[in-house]
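Worksheet: one structure, shown below.
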C-alpha cells in the first residue's frame, strides 16, 4: 500500500524569519498566522502543501544532525508548478527583483520549461511549466 499523505509540510531553516517572510510575501505567498510566531512561520503553498520556515536555532531542536548552510550546499530542491511559461518567468523575475538570486540556467525542453531562484536563505526553488498535451500517455 502506498502512503498517501493528506498534507505536506516542508521544513526549512531560516536565518531571519521576518526577512524571509517579507521575501515570500512579496512573491504573493500567504501565511497561516495560527501556526506562526517568533520561531516559525507557516507559509501556504496550496491547500495541502505548506513550508514551515523555522529560525535555525528552533529548527536545530528537531534534529541532532548539523544544519546544512544553504548558501554553500544543497540538500533539497523545491519544485513548484506554474500554469504557463509566462507565469514561470513572472514568478522568478519577481523573486529576483525582491532579493532572490538566480540558481541555474533556464531549462527549455519544449514540453517542459523551468527556471529557478535562491531565496534569501539560499534554498533553491524551481518553477516549472509542463505542457500536459505534449506528453505522451503511457
> What residue, of 102, 134, is surrounded by fewer than 15 Cβ atoms within 10 Å (Cβ to Cβ), within 14 Å of the chain's Cα centre (by Cα), without any contact (Cβ under 8 Å) to a residue 60 or more places away in the chain and farther than 21 Å from residue 43 by Cα?
Replying inline: 102
>> Is it the case, given these coordinates, that residue 128 is in contact with a strand residue (DSSP E or B) (Cβ under 8 Å, 6 or more places away or on another chain), farther than 16 Å from residue 24 by Cα and surrounded by 13 or more Cβ atoms within 10 Å (Cβ to Cβ)?
In response: yes
> Based on what the data block shows, is residue 89 at pLDDT below 95 and farther than 14 Å from residue 24 by Cβ?
Replying inline: no
> Does residue 106 satisfy the criteria of being at pLDDT 90 or above and either over 13 Å from residue 131 (Cβ atoms) or in contact with a helix residue (DSSP H, G or I) (Cβ under 7 Å, 6 or more places away or on another chain) (or both)?
Replying inline: yes
>> Looking only at segment 33-70, how many residues end up being surrounded by 12 or more Cβ atoms within 10 Å (Cβ to Cβ) and under 19 Å from the mean Cα position of the chain (by Cα)?
In response: 22
> Does residue 44 satisfy being closer than 21 Å to residue 100 by Cβ, in contact with a strand residue (DSSP E or B) (Cβ under 9 Å, 6 or more places away or on another chain) and free of Cβ contacts under 8 Å to residues at least 40 places away in the same chain?
Replying inline: yes
> Are any residues in segment 68-90 over 26 Å from residue 57 (Cα atoms) and in contact (Cβ under 8 Å) with a residue 12 or more places away in the chain, and if so, which ones?
Replying inline: 80, 81, 82, 83, 84, 85, 87, 88, 89
> Cβ-Cβ below 9 Å, separation at least six or inter-chain, first residue in segment 115-129 and at positive phi, second assigned to a strand (DSSP E or B) and modelled with pLDDT of 95 or more: which pairs?
Replying inline: 122/101
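The values are calculated or read from the model by the stated rules, or taken from the named source; none is laboratory data. Fair warning: this is a prediction, and the values are worked out from it, not measured in the lab. Every residue, glycine as well, gets a Cβ built from its backbone with ideal geometry; the counts of neighbours run over all protein chains shown.
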